[in-house]
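The values are calculated or read from the model by the stated rules, or taken from the named source; none is laboratory data. Since this is a predicted model, take the numbers as computed values, not measurements. Here the Cβ positions follow ideal geometry from the backbone for every residue, glycine too, while neighbour counts run over all protein chains shown. Protein only, heavy atoms only, side chains kept; ligands, DNA and RNA dropped before computing areas. Shrake-Rupley method; radii C 1.70, N 1.55, O 1.52, S 1.80 Å.
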Amino acid sequence: MYTQALNAADPTTGDEAGPDMDRFTARIAAEEKIEPNDWMPEGYRKTLVRQISQHAHSEIVGMLPEGNWITRAPTLRRKAALLAKVQDEGGHGLYLYAAAETLGVSREELVDQLHSGKAKYSSIFNYPTLTWADIGAIGWLVDGAAIMNQIPLCRCSFGPYSRAMIRICKEESFHQRQGYELMSTLANGTPEQKAMAQDALNRWWWPSLMMFGPSDANSKHSAKSMAWKIKRFSNDDLRQKFVDATVPQGHFIGLEFPDPDLSYNEESGHWDFGAIDWDEFFRVVSGDGPCNRERLAARVKAHEDGAWVREAALAYSKKRSARAADAEIAMAGAAE
Ligand code: BYC
């Protein structure tokens, strides 16, 4: 599928050079979409498999903290919205696995990488959902951060990923609104409800900022990903955009952010914020967060419990193919 014959890799950087590479670079510069059967450098393919699969795993693992509250939603309206949201996340995972598969990797391989702890998923889903207000905070902050990161991915240079992101972003936008509306209702409710909303904001704020990844100085993949137009903005730029958009929303509903250094900078027109605890980030990303083990165990169990569904689907598909083949033979016989 990928003709490498005319292209040689630089032994130190691994960068490929040659006519295919030149054409690829020109297509990226011209904002053309790269499609699965087009030539692409190996590093581009690997980066996409890594990012898209991490994104898919995040969607699937992300169903767990919220799914936990479906049976405890306080009203039928809230239950229906939460159920729809969690189902949407499952759908996002499926589009993203399908987009990754177009790059020549199998779903089984990707799922194995998640279950063995080899593949990452977003750090945010390793925090527990302790109260109902956490459902509001996740929608408002986590989906809000996801949208900020993902809207530019609709312009990603790889066709299948960019197209998947368009629908995903529309759904994330509904998720963000339902979360903010939930937080707003609690923040304007009884003193106990307001305290619950404030406590959820206190716990989810910093982990939400960590979703954008390490600071630009420590982001090993950003330069390449931006040159290839997979990423359009750096981690720090997106984080700042998120802070600028979110702080006024929180203040509007009467909540305070757990950051004594948060202040509006008249000169830059941005909100300055305090230092992120990068030790915590790297601890959570490397598997030692509050819920990492619980999340992985839940995914592995779900996969094992679903083995019979996969077996039944395969058996059904084999039966259908055999029936179709028999029907073809019978038709050919009748025609003779
Ligand atoms: N958590 O060089 P960097 C959602 C890893 S939300 C865990 O900056 P890159 C949802 C990174 O993978 C979340 N790992 O990397 C919302 C890399 O690891 P390796 C999912 C992280 O790729 C609501 C290393 O750290 N969204 O979907 O240029 C409900 C160095 O980082 C994190 C996406 O995945 C993190 N927070 O930039 C349900 C969006 N940050 O492989 C679901 C697509 C960094 O080198 N992904 N790492 O060992 C991206 O935009 C980028 O991959 C990132 C990182 C901005 C996350």
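Does Met148 satisfy the condition of being in contact with a helix residue (DSSP H, G or I) (Cβ under 7 Å, 6 or more places away or on another chain) and crowded, with 23+ Cβ neighbours inside 10 Å? Answer is yes for this residue.
Name every residue in the stretch 130-143 that is of a type in the set (Gly, Ala, Ser) and either within 9 Å of the ligand (Cβ to nearest atom) or surrounded by fewer than 24 Cβ atoms within 10 Å (Cβ to Cβ) (or both), in order of residue number.
Step one: list which residues in the stretch 130-143 are of a type in the set (Gly, Ala, Ser), which gives 133, 136-137, 139.
Gly139 - this is the single residue of the stretch 130-143 that is of a type in the set (Gly, Ala, Ser) and either within 9 Å of the ligand (Cβ to nearest atom) or surrounded by fewer than 24 Cβ atoms within 10 Å (Cβ to Cβ) (or both).
Within the stretch 269-305, being open to solvent by less than 50 Å² (accessible area, probe 1.4 Å) and closer than 15 Å to Val111 by Cβ holds for Arg295, Leu296, Ala298, Val300, Ala302. Is it the case that some residue within the stretch 207-223 is surrounded by fewer than 19 Cβ atoms within 10 Å (Cβ to Cβ), hydrophobic (A, V, I, L, M, F, W, C) and either at positive phi or within 12 Å of the ligand (Cβ to nearest atom) (or both)? For the stretch 207-223, residues surrounded by fewer than 19 Cβ atoms within 10 Å (Cβ to Cβ), hydrophobic (A, V, I, L, M, F, W, C) and either at positive phi or within 12 Å of the ligand (Cβ to nearest atom) (or both): present.
Of the residues making up the stretch 145-161, none is closer than 30 Å to Gly254 by Cα and either at pLDDT below 95 or away from the ligand (no atom under 13 Å from the Cβ) (or both). Would you confirm whether any residue within the stretch 175-194 is farther than 21 Å from Trp132 by Cβ and open to solvent by less than 10 Å² (accessible area, probe 1.4 Å)? Scanning the stretch 175-194 turns up no residue that is farther than 21 Å from Trp132 by Cβ and open to solvent by less than 10 Å² (accessible area, probe 1.4 Å). In the condition set (1) away from the ligand (no atom under 11 Å from the Cβ); (2) open to solvent by 60 Å² or more (accessible area, probe 1.4 Å), Gly250 is compliant with all but (2). Looking at the stretch 13-103, the helices (runs of 4 or more DSSP H) lying wholly inside it that each contain 2 or more residues that are under 17 Å from Lys224 (Cα atoms), open to solvent by less than 30 Å² (accessible area, probe 1.4 Å) and within 12 Å of the ligand (Cβ to nearest atom) sit at 42-61.
Within the stretch 120-127, the presence of a residue that is over 26 Å from Val284 (Cα atoms) and either more than 9 Å from the ligand (Cβ to nearest atom) or not small (Gly, Ala, Ser) (or both) is excluded.
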